[in-house]
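Step one of this worksheet: look at the structure below.
The values are calculated or read from the model by the stated rules, or taken from the named source; none is laboratory data. These figures come from a predicted structure and were not determined experimentally. Positions of Cβ are generated from backbone atoms using ideal geometry, with glycine treated the same way; all protein chains shown enter the neighbour counts.
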Amino acid sequence: MKKIQLILFSLLLGATSIMISSCAKDDPCKDVKCGDHGQCAEGVCICDVGYEKDATTGECSVEQRAKFFGTYQGSETCTVGTDNYSITLASSASGIDKVVLSNVYNQGVTLTGSVNGTSLTIAAQSVTVGASTYTFSGTGTYTAGTPPTIKIEYSIQGTPSNSCIFTGQKL
């Protein structure tokens with residue numbers, strides 16, 4: 001009986017060794033390098049929030065928001081009025097996916113937005129202009145090119161209310 005148990009144990013141990021070694025050979029992430037800001041899943045790098053793959057290395061090392069940084073000169077069309085001016089986007093200390101938009105509405109309004117890929121989301125934010133308080137919210141899109149462009153659509157709730165589209169080129 002002890003011989004049969006020993007044989008069965010040996011067979012089980014051998015089968016387990018074969019399964020473990022074959023799993024290691026089939027690991028699709030074995031040679032994939034994702035960098036400090038990504039993890040490999042099924043052979044593909046999944047980047048952490050706020051990061052994207054470097055075009056050269058394929059590693060998750062590029063801040064998504066970095067492409068948005070700069071000053072954009074453009075025109076704005078609103079339901080009430082039009083204007084030509086510049087908006088500046090810079091990094092925000094509140095998160096790796098956050099940007100600060102300065103001079104929105106050409107009134108010195110500063111807002112915070114969230115970046116995901118080439119999209120920008122401006123969650124509702126209360127801002128005081130003069131003696132009135134308004135709520136700004138909107139979305140935007142960055143387009144690579146020579147020069148890069150940005151389109152920001154936002155609404156202003158208050159008295160008076162307004163809806164605007166700013167389209168600008170990076171200086």
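The rows are residues; the columns are (1) over 30 Å from Asp31 (Cβ atoms); (2) among the hydroxyl-bearing types (Ser, Thr, Tyr); (3) touching a Pro at 6+ places or on another chain (Cβ under 9 Å).
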| position | (1), (2), (3) |
| --- | --- |
| Glu52 | no, no, no |
| Cys60 | no, no, no |
| Cys78 | yes, no, no |
| Gly95 | yes, no, no |
| Ser102 | yes, yes, no |
| Ser119 | yes, yes, no |
| Gln125 | yes, no, no |
| Gly130 | yes, no, no |
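Name the one entry in Val129, Val100 that is on the phi < 0 side of the Ramachandran plot, in contact with a strand residue (DSSP E or B) (Cβ under 9 Å, 6 or more places away or on another chain) and at pLDDT below 95.
Of Val129, Val100, the one residue that is on the phi < 0 side of the Ramachandran plot, in contact with a strand residue (DSSP E or B) (Cβ under 9 Å, 6 or more places away or on another chain) and at pLDDT below 95 is Val129.
Is there any pair with a first residue in region 148-159 that is touching a residue at least 12 places away in the same chain (Cβ under 8 Å) and a second that is among the aromatic types (Phe, Trp, Tyr) and assigned to a strand (DSSP E or B) whose Cβ atoms are under 6 Å apart and which are 6 or more apart or on different chains, and what are they?
Ile150/Tyr72; Ile150/Tyr142; Ile152/Phe166; Tyr154/Phe136; Ile156/Tyr134; Ile156/Phe136; Gly158/Tyr134
Considering only region 72-87, state which residues are β-branched (Val, Ile, Thr) and either within 13 Å of the chain's Cα centre (by Cα) or surrounded by 16 or more Cβ atoms within 10 Å (Cβ to Cβ) (or both).
Listed by number, the list holds a single entry, Ile87.
Conditions tested, residue by residue: (1) among the hydroxyl-bearing types (Ser, Thr, Tyr); (2) part of a strand (DSSP E or B).
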position	(1), (2)
Thr57	yes, no
Val62	no, yes
Thr77	yes, yes
Ala90	no, yes
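Take region 86-110 and flag every residue that is without any contact (Cβ under 8 Å) to a residue 40 or more places away in the chain and either of a type in the set (Ser, Thr, Tyr) or closer than 18 Å to Gln64 by Cβ (or both).
Thr88, Ala90, Ser91, Ser92, Ala93, Ser94, Lys98, Val99, Val100, Ser102, Thr110
Of everything in region 115-141, what is within 13 Å of the chain's Cα centre (by Cα), touching a residue at least 24 places away in the same chain (Cβ under 8 Å) and exposed (fewer than 14 other Cβ atoms within 10 Å of the Cβ)? Give them in sequence order.
If the condition is that a residue be within 13 Å of the chain's Cα centre (by Cα), touching a residue at least 24 places away in the same chain (Cβ under 8 Å) and exposed (fewer than 14 other Cβ atoms within 10 Å of the Cβ), then Asn116, Gly117 are the ones that fit.
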